[in-house]
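**Q** Pasting in a structure now, in structure tokens, and then I'll have a few things to ask.
The values are calculated or read from the model by the stated rules, or taken from the named source; none is laboratory data. Nothing here was measured: the structure is a model prediction, and the numbers come from that model. Please note: Cβ atoms are built from the backbone with ideal geometry, for glycine as well, and neighbour counts cover all protein chains shown. Side chains are part of the model used for accessible areas, which takes the heavy atoms of the whole protein and leaves out ligands, DNA and RNA. Shrake-Rupley method; radii C 1.70, N 1.55, O 1.52, S 1.80 Å.
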Amino acid sequence: VAIAGFGMVGSAVAKILTQQEYAQLFRITHVLNRRIAEKRVAWIPEDVIWTEAFEEVLASDVDIVVELIGGLTPAGDWVKRALAAGKSVVTANKQLIAAEGLELSALARAHRAHLAFGASVAGGIPVLSGLQGGLAGDRLAKVSGILNGTCNYILTRVESEGVSFAQALAEAQRAGFAEADPSSDVDGADARAKIVILARVALRAHIEPEEVVCRSIRPISAADFCYAHELGCTIRQIASAAVHDNVLHTSVQPMLVGRNSPYARVDGAQNLVVSTGCFGGETSFSGTGAGGGPTAVAVVSDLVAIAGSEQVPATSAPPALRRFTVSADTLAAHYTRFLVNDRPGILAKITAVFAEHGMNVDAVLQLPGFSKQALPFAITVEPCSQLILAEALHQLRALEFMIEPPLCMPFLERTA
Ligand SMILES: NC(=O)c1ccc[n+]([C@@H]2O[C@H](COP(=O)([O-])OP(=O)(O)OC[C@H]3O[C@@H](n4cnc5c(N)ncnc54)[C@H](OP(=O)(O)O)[C@@H]3O)[C@@H](O)[C@H]2O)c1
């Protein structure tokens with residue numbers, strides 16, 4: 001086994017593989033990283049070759065390349081060249097698998113090599129193997145989950161400390177839970193890559209990352225949690241994909257979830273994936289979704305599965321993935337929140353625009369204690385199309401009393 005990328009996950013994989021029980025199954029041949037002089041550690045066996053050149057790995061007789069450098073380049077090129085040379089590949093790289101996984105799987109089949117990516121979704125939770133193998137007897141119609149620990153951390157801090165999104169983000173960055181550039185986490189690209197992989201595996205859906213709409217958690221404030229609590233809910237970033245009548249509804253966005261629901265109990269780096277099958281109903285997978293140790297376990301589990309598979313992978317293609325019309329719309333009851341410079345008549349103006357768009361108000365919430373110059377209040381609306389609601393909110397955002405664009409979030413449990 002060659003380990004490409006000796007960072008958080010790569011070093012944790014090496015730690016496991018150097019344990020007695022794994023040393024009998026696997027031998028680490030190479031550790032590949034840039035600037036290896038800064039990376040060398042004494043606990044790696046002396047016969048392991050440290051290198052900065054992928055060509056050296058490719059030219060060797062190594063059987064399996066473990067790609068743990070992340071990103072699309074040069075990881076994609078390395079994975080392709082390894083597979084084309086008949087070497088199996090294990091990767092934790094969700095961005096690569098979401099963007100090029102179909103092509104890479106075909107390449108692996110053509111060269112009778114394995115491509116395994118169990119660590120690419122939900123870290124240490126064996127969700128992909130559970131969906132693929134354990135639930136193969138069901139026709140799955142929906143998969144949804146909490147797939148990003150950084151968002152969880154930020155949202156739970158805003159909720160518990162009443163701080164702003166910016167403060168919670170800065171705190172997450174100081175604590176090492178968020179990157180210097182947090183956009184991939186908070187704006188949804190990280191969870192989007194994971195839901196694309198889940199939709200392919202669980203729903204057999206042919207879907208590309210660009211087809212999944214992402215809505216950021218940035219506009220969420222402490223006031224939203226106050227109103228969510230009034231409604232018996234909290235707020236989580238939810239990634240979901242569901243098939244209804246040959247339409248694939250998929251999104252990554254903040255949603256209101258019941259405070260007693262399993263989603264509300266997911267904290268920090270914990271992840272939760274819930275699948276819904278036509279015959280077996282709901283199945284949940286939960287556990288630690290990130291971190292060196294748990295992710296390395298998923299990588300090593302893939303290695304063990306490859307080592308234990310007697311068959312050389314078949315060259316024939318598996319059942320084709322299905323193409324669906326992809327919809328960015330969510331049909332659900334919605335929470336809307338407005339931040340206004342208060343004056344008489346605001347509510348009448350908003351409800352008139354809602355009525356124009358055929359939407360029924362369910363409840364109006366206004367808690368005391370906020371400044372009238374920057375007053376947040378919430379209106380919940382009965383089940384409606386999120387896209388039509390967005391049109392109504394777009395019309396409203398131009399009104400002179402609006403301090404910031406209105407926010408809307410679906411209720412997860414009241415989604416059609
Ligand atoms: N960490 C997690 O919790 C987690 C969970 C699930 C999946 N993953 C996935 O696992 C993979 C690895 O993540 P990680 O957290 O271990 O990242 P990391 O700590 O940043 O490690 C990446 C390693 O690869 C090296 N590297 C990057 N680009 C390189 C290049 N072009 N040539 C040579 N070496 C290069 C880096 O070297 P430098 O030190 O010089 O930068 C670093 O040692 C990613 O695909 C990530 O998405 C991570």
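**Q** Among the GluC sites (Glu not before Pro) within segment 281-385, which fall in a DSSP loop and have no more than 12 other Cβ atoms within 10 Å of their own Cβ? Walk me through the intermediate numbers first.
**A** On the way: sites: 282, 310, 356; in loops: 310.
Loop-located and lightly packed - 310.
**Q** Now for a separate question. Choose one answer from 188, 134, 118: the residue with the largest mean-square fluctuation in a GNM of the chain with alpha-carbon springs under 10 Å.
**A** 134
**Q** Hey, can you find the accessible area per residue of segment 30-120 for me, probe 1.4 Å, expressed in square angstrom? If you can, show how the numbers build up before the last one.
**A** Values: 4170 Å² over 91 residues.
Dividing the accessible area of segment 30-120 by its residue count gives 46 Å².
**Q** On a straight-distance basis, which aspartates and glutamates could pair with residue 87 in a cross-link, Cα separation under 14 angstrom, same-chain partners fewer than 8 positions away excluded?
**A** 55, 56, 61, 63, 67, 77
**Q** Can you tell me how segment 32-88 classifies by the Cα gyration tensor, rounded, prolate or oblate, using a/c under 1.5 as the rounded cut?
**A** Values: a/c = 2.27, a/b = 1.42, b/c = 1.60.
Taking the square roots of the gyration eigenvalues as a ≥ b ≥ c, segment 32-88 is oblate.
**Q** Hey, another quick one. Under 17 Å from a point placed 7 Å out from the Cα of residue 304 along the Cα-to-Cβ direction: which residues of segment 115-138 have their backbone N that close?
**A** Hits in segment 115-138 for residue 304 at 17 Å: 116-120, 123-131, 133-134.
**Q** Would you mind calculating the relative contact order of segment 303-416 from Cα pairs under 8 angstrom and at least 6 residues apart, reporting the percent as a whole number?
**A** On the way: 165 pairs, mean separation 44.4, N = 114.
The normalised contact order for segment 303-416 reaches 39 percent.
**Q** With each pseudo-label sitting 7 Å past Cα toward Cβ, what's the residue 20-residue 37 distance in nm, one decimal?
**A** Here the modelled spin labels are 3.8 nm apart.
**Q** Binning at 20 angstrom from zero up to the longest distance, how are the C-alpha pair distances of the chain distributed in percent?
**A** In order of increasing distance, the bins hold 25, 50, 21, 3 percent.
**Q** Here's something else I'd like to know. Rounded, prolate or oblate, given the Cα gyration tensor of segment 28-180, with a/c below 1.5 counting as rounded?
**A** Numbers: a/c = 2.50, a/b = 1.32, b/c = 1.89.
Because a/c hits 1.5 or more and a/b fails to exceed b/c, segment 28-180 counts as oblate.
**Q** Assuming R0 = 35 Å, can you tell me the calculated FRET efficiency for the pair residue 356 and residue 210, based on Cβ-Cβ distance, to the nearest 0.05? Don't skip to the end; give the middle numbers.
**A** On the way: r = 32 Å, r/R0 = 0.91.
Efficiency, rounded to the nearest 0.05: 0.65.
**Q** Among 291, 231, 49, whose Cα sits farthest toward the positive end of the charge dipole of the chain (+1 at Cβ of Lys/Arg, -1 at Cβ of Asp/Glu, about the Cα centre)?
**A** Highest projection toward the positive end goes to 231.
**Q** Right, another one. Summarise the long-distance tail of P(r) for segment 325-371 by giving the % of C-alpha pairs beyond 14 Å.
**A** Values: 690 of 1081 pairs.
The proportion of pairs with Cα distances above 14 Å equals 64 percent.
**Q** Can you tell me how segment 258-364 classifies by the Cα gyration tensor, rounded, prolate or oblate, using a/c under 1.5 as the rounded cut? List each step's numbers first, then the result.
**A** On the way: a/c = 3.42, a/b = 2.12, b/c = 1.61.
It comes out prolate by the Cα gyration axes.
**Q** What is the list of residues in segment 77-116 whose amide nitrogen lies under 17 Å from a point 7 angstrom out from the Cα of residue 136, following Cα to Cβ?
**A** 114-116
**Q** Out of all Cα-Cα pairs in segment 1-56, roughly what percent, to the nearest whole number, are more than 13 Å apart? Please list the in-between numbers first.
**A** Numbers: 858 of 1540 pairs.
Result: 56 percent of Cα pairs exceed 13 Å.
**Q** Right, another one. Could you let me know the centre-to-centre spacing of segment 222-271 and segment 84-116, using Cα atoms, in angstrom?
**A** Cα centres, segment 222-271 to segment 84-116: 32 Å.
**Q** Once you keep just the Cα pairs under 8 angstrom separated by 6 or more residues, what percentage relative contact order results for the chain? Before the final figure, lay out each step's value.
**A** Details: 838 pairs, mean separation 67.2, N = 416.
Reported relative contact order: 16 percent.
**Q** Given only helices, namely DSSP H runs of n ≥ 4 each adding -39500 (n - 2.57), what is the per-residue ellipticity at 222 nm of the chain, to the nearest 500 deg cm²/dmol?
**A** Details: 14 runs with 142 residues, N = 416.
Calculated from helices alone, the mean residue ellipticity at 222 nm is -10000 deg cm²/dmol.
**Q** Which of 80/194; 142/194; 80/142 have a Cα-Cα distance over 25 Å?
**A** Working: 80/194 21 Å; 142/194 14 Å; 80/142 31 Å.
From 80/194; 142/194; 80/142, over 25 Å: 80/142.
**Q** Would you be so kind as to identify which of 220, 411, 140 lies farthest towards the positive end of the dipole of the chain, taking Lys and Arg as +1 and Asp and Glu as -1 on Cβ and the Cα centre as origin?
**A** 140
**Q** Where both partners of a DSSP beta bridge lie in the chain, what percent of those bridges are antiparallel, to the nearest 5? Mind dumping the intermediate values first?
**A** Values: 50 of 72 bridges.
About 70 percent, rounded to the nearest 5.
**Q** Give me a comma-separated list of calculated 3J(HN,Hα) values for segment 340-355, in order, Karplus coefficients 6.51, -1.76, 1.60 applied at θ = phi - 60°, integers in Hz, x for any Gly or Pro.
**A** With the stated coefficients, segment 340-355 comes to 10, 8, 5, 6, x, x, 4, 4, 4, 5, 5, 5, 5, 5, 4, 4 Hz.
**Q** If you don't mind, there's one more thing I want to ask. Distance between Cα centroids, segment 153-173 to segment 1-63: provide it in whole Å.
**A** 38
**Q** Springs between alpha-carbon pairs under 10 angstrom, Gaussian network model over the chain: which of 19, 95, 237 fluctuates most?
**A** The residue with the greatest mean-square fluctuation here is 19.
**Q** Then there's this: For q = 0.22 Å⁻¹, what log10 I(q)/I(0) does segment 185-273 give under the Debye formula with an equal point scatterer on each alpha carbon and no solvent?
**A** -1.12
**Q** Once phi is turned into ³J(HN,Hα) by the Karplus curve 6.51 cos²θ - 1.76 cosθ + 1.60 with θ = phi - 60°, what whole-Hz value does each residue of segment 194-206 show in order, with x for glycine and proline?
**A** Taking θ as phi minus 60°, the curve returns 6, 6, 4, 5, 4, 5, 5, 6, 7, 9, 6, 9, 7 Hz for segment 194-206.
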